1. For the residues 197, 9, what sequence is obtained by ranking on other C-beta atoms within 10 Å, fewest first?
2. Once you've got the GNM for the chain with C-alpha springs shorter than 10 Å, pick whichever of 259, 104, 180 has the biggest mean-square fluctuation.
3. What is the helix-to-structure angle for 169-178, meaning the angle in degrees between its Cα long axis and the longest Cα principal axis of the chain, kept from 0 to 90 and rounded to the nearest 10?
4. Modelling each spin label as a point 7 Å along the Cα-to-Cβ direction, I'd like the residue 85/residue 206 distance in nm, to one decimal.
5. I want to verify the translational diffusion coefficient of the stretch 55-212 in µm²/s; compute it with Stokes-Einstein, Rh as the Kirkwood radius over Cα pairs, at 20 °C and 1.002 mPa s.
6. Just how far, in whole angstrom, is the stretch 33-87 from the stretch 126-171 if you go by their alpha carbon centroids?
7. Which value in deg cm²/dmol, rounded to the nearest 500, describes the helix-derived mean residue ellipticity at 222 nm for the chain, given -39,500 (n - 2.57) per DSSP H run of n ≥ 4 and division by the residue count?
8. Rg and Dmax in Å for the stretch 134-289, alpha carbons only: what are they?
């Protein structure tokens, strides 16, 4: 990627250290998983695509409290895919989590959420997702069910953005039976976003992992998400949620999933939005007291 050099316009990507054995406030890591996806995907290519998109952006933010430069940032590269060895993937993520205050995992499909939550030892989960992800088996459609079966309390799970015509009655019933709090897309239209986030945090508790399944967004802004539908949340809403997640001391980890960069538009709008979500989380983190 040939981009102009300007010493007065530092690029956000330059803030990330590659010293993986050094503690960092925020640690970025790629988790290239795609083989268990319900829809054939090249999601394993996404970590590299997001890193390249980070070259497009600067470290400037209009919020006076924000300073990316005061946050120590690490990039651990890509780890073992859970498609190959899930236990090893969890162990590698756990090591990185212990070196950081907030771990940001770049998927990969949504199956990586299981490994990332287990590795961070989160006791609460907030998903921004059009889908419940409560299917049986092991796939990108099952991480929430797997986590609950592994001991995560359904009463500490909040699902924001669940979409109409993208789920089934049976999985809606399963969510209710598990005690999951569901905040559907329709509720986002009539409730203040910050109030929704505060409610979600109050339910999820004090060690929270946030799953950003990018198909929660409107298909027009995430054409590289195979399961995205028209009418999802806006790019701006996603960025606001990312900032709020980063600013919340109880959030110890997050992931960005379900992008197939081979399907992206010519302007790479999906991976660019994902890169902005990473930067918004870091910006929010910089405001933590």
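1. Details: 197 21, 9 11.
Ranked by crowding around the Cβ, least crowded first: 9, 197.
2. So, out of 259, 104, 180, the one fluctuating most is 180.
3. Roughly 80 degrees, rounded to the nearest 10.
4. Placing both labels 7 Å beyond Cα along the Cβ direction yields 3.6 nm.
5. Details: Rh = 16.9 Å.
So the translational diffusion coefficient is about 127 µm²/s.
6. After rounding, the separation between the Cα centres reads 22 Å.
7. Helix contribution divided over all residues of the chain: -10000 deg cm²/dmol.
8. Radius of gyration, then largest Cα-Cα span, for the stretch 134-289: 15.2, 43 Å.
Just so you know, all these numbers are worked out from the coordinates, no wet-lab data involved. The structure displayed is predicted, hence computed values, not measured ones. Note: ideal-geometry Cβ built from the backbone for every residue, glycine included; neighbour counts use all protein chains shown.
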